[in-house]
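Notes follow the structure.
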Ligand SMILES: [Cu+2]
């Protein structure tokens, strides 16, 4: 009974790994589907061969016990023919695997893009720029990637410091972001949803807290979002928020962060123009909530030790006003 329950748990865990927001086994786009296709072919072929080989081994052991012991080593010509056929089969399968992966690889980088995005990985967050031939149509955000369904996005990948790796398992395979070099991935999502991306190359202390929130929606929703992102930051809507804005611009915040439409133009940390429209704080380390924001400002080194934002000493009132201001940056 115990064994059965244990087995059931193992199977449940395995199946759980096949779904969810960060699984390459639940492909939500053309590129991940191409990779999944190769994976399915390989895993099923190899499993079949493995079982077949084990079966043959068991049969050989059984025969050795019963027949061969009595008759001595078999010189059956069928044996060498069978061996030859086996070699041909193995070489044939390997060649097929090579062809299948080659074709899948070509599918990963094809297509004419409908939109161009540049992602720059930094220790330990993602800068996301939506590019356009029209400079007035470009905007920058951070730690989230929104994509329209059934459109192909070409994503230029750069690094601001060390090597990182861009990986949204539900949409595509890994691609490194290398200092001084530009890589690219194509993403063609086919299913609405929220997916999780994760830096997949150890890049320092907070490598694990370097997540990317990916949201795929229909094109109209995407366009509405992009239009809002393009706009400058909303003006503070209360007196405390106004005071928060003043604190932000008076202290070190403004030297590291940009809030478009205000004097703050720093480029060290994430663009905060529409910060509160994101779902997480600090690359997935915290939820986008008032309390979490207060905690982050009070001591950024506590939830994300080693990250490159220092604690800025503020009075209690200034700090709470600052939270008001930031939570209003929708
Ligand atoms: Cu990284």
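We did not get these values from a lab; they are worked out from the coordinates using the rules stated. On a predicted model such as this, the values are computed, not experimentally measured, just so you know. Using ideal geometry, Cβ is built from the backbone for each residue, glycine included, and neighbour counts are taken over all protein chains shown.
Going by average Cβ density within 10 Å per residue, which order do the peptides 280-286, 188-194, 314-320, 120-126 take, highest to lowest?
On the way: 280-286: 21.4, 188-194: 16.9, 314-320: 14.0, 120-126: 23.3.
Descending packing order for the listed peptides: 120-126, 280-286, 188-194, 314-320.
How big is segment 184-252 by the Kirkwood estimate over distinct Cα pairs, in Å? One over the average 1/r among Cα pairs gives 16.1 Å for segment 184-252. Spacing of the modelled spin labels on residue 82 and residue 105, each 7 Å from Cα toward Cβ, amounts to 3.7 nm.
Let me have the relative contact order for the chain, percent, based on Cα pairs under 8 Å that are six or more residues apart. Don't skip to the answer; put the middle values down first.
On the way: 574 pairs, mean separation 52.0, N = 330.
16 percent.
For the options 165, 101, 24, a Gaussian network treatment of the chain with springs between C-alpha atoms closer than 10 Å singles out 101 as fluctuating the most.
Compute the long axis of helix 30-63 from its Cα atoms, compare it with the longest principal axis of the Cα atoms of the chain, and write down the angle in degrees, 0 to 90, nearest 10. Here the helix axis deviates by roughly 30 degrees. Summarising the label geometry, the points placed 7 Å from Cα in the beta-carbon direction at residue 156 and residue 97 lie 3.8 nm from one another. Between residue 218 and residue 42, what is the FRET efficiency for a Förster distance of 30 Å, r being their Cβ-Cβ separation, to the nearest 0.05? Calculated transfer efficiency: 0.30. When peptides 245-256, 140-151 are ranked by their average number of other Cβ atoms within 10 Å per residue, the highest-first order is 140-151, 245-256.
By the gyration tensor of its Cα atoms, with a ≥ b ≥ c the square roots of the eigenvalues, what is the shape of segment 154-299: rounded for a/c under 1.5, prolate for a/b over b/c, or oblate? Cα axes put segment 154-299 in the prolate bin. Residues considered: 54, 187, 275. Largest GNM mean-square fluctuation over the chain, using C-alpha springs under 10 Å, is found at 54.
Principal axis extents of the Cα atoms in segment 115-218, from largest to smallest and rounded to whole angstrom, are 36, 30, 19.
With the biggest extent put first, the Cα atoms of the chain measure 98, 50, 35 Å across the principal axes.
For the residues 155, 35, 61, a GNM of the chain with alpha-carbon springs under 10 Å puts the largest fluctuation on 61. With R₀ set to 45 Å, the beta-carbon distance separating residue 51 from residue 294 gives a calculated FRET efficiency near 0.20. Helix 239-250 against the longest principal axis of the chain: what's the angle in degrees, Cα atoms only, rounded to the nearest 10? Taking Cα atoms only, the helix is inclined about 80 degrees.
Counting DSSP beta bridges with both partners in the chain, what percentage is antiparallel, nearest 5? Before the final figure, lay out the partial values.
Numbers: 29 of 41 bridges.
Restricted to the chain, the bridges split so that about 70 percent are antiparallel.
Let me know the volume per residue of the alpha-carbon convex hull for segment 239-327, in Å³. Intermediate values should be presented prior to the final figure.
Working: hull volume 7.7 nm³, N = 89.
Measuring per residue, one finds 87 Å³ for the Cα hull of segment 239-327.
Taking 0.36 nm per residue of separation and subtracting the Cα-Cα distance, full extension of the segment from residue 311 to residue 252 would add 20.3 nm. Roughly how tilted is helix 77-108, in degrees to the nearest 10 and between 0 and 90, from the longest Cα axis of the chain? Value to nearest ten degrees: 20. Each residue, residue 131 and residue 7, gets one label point 7 Å from its Cα in the Cβ direction; the gap between the two is 5.4 nm.
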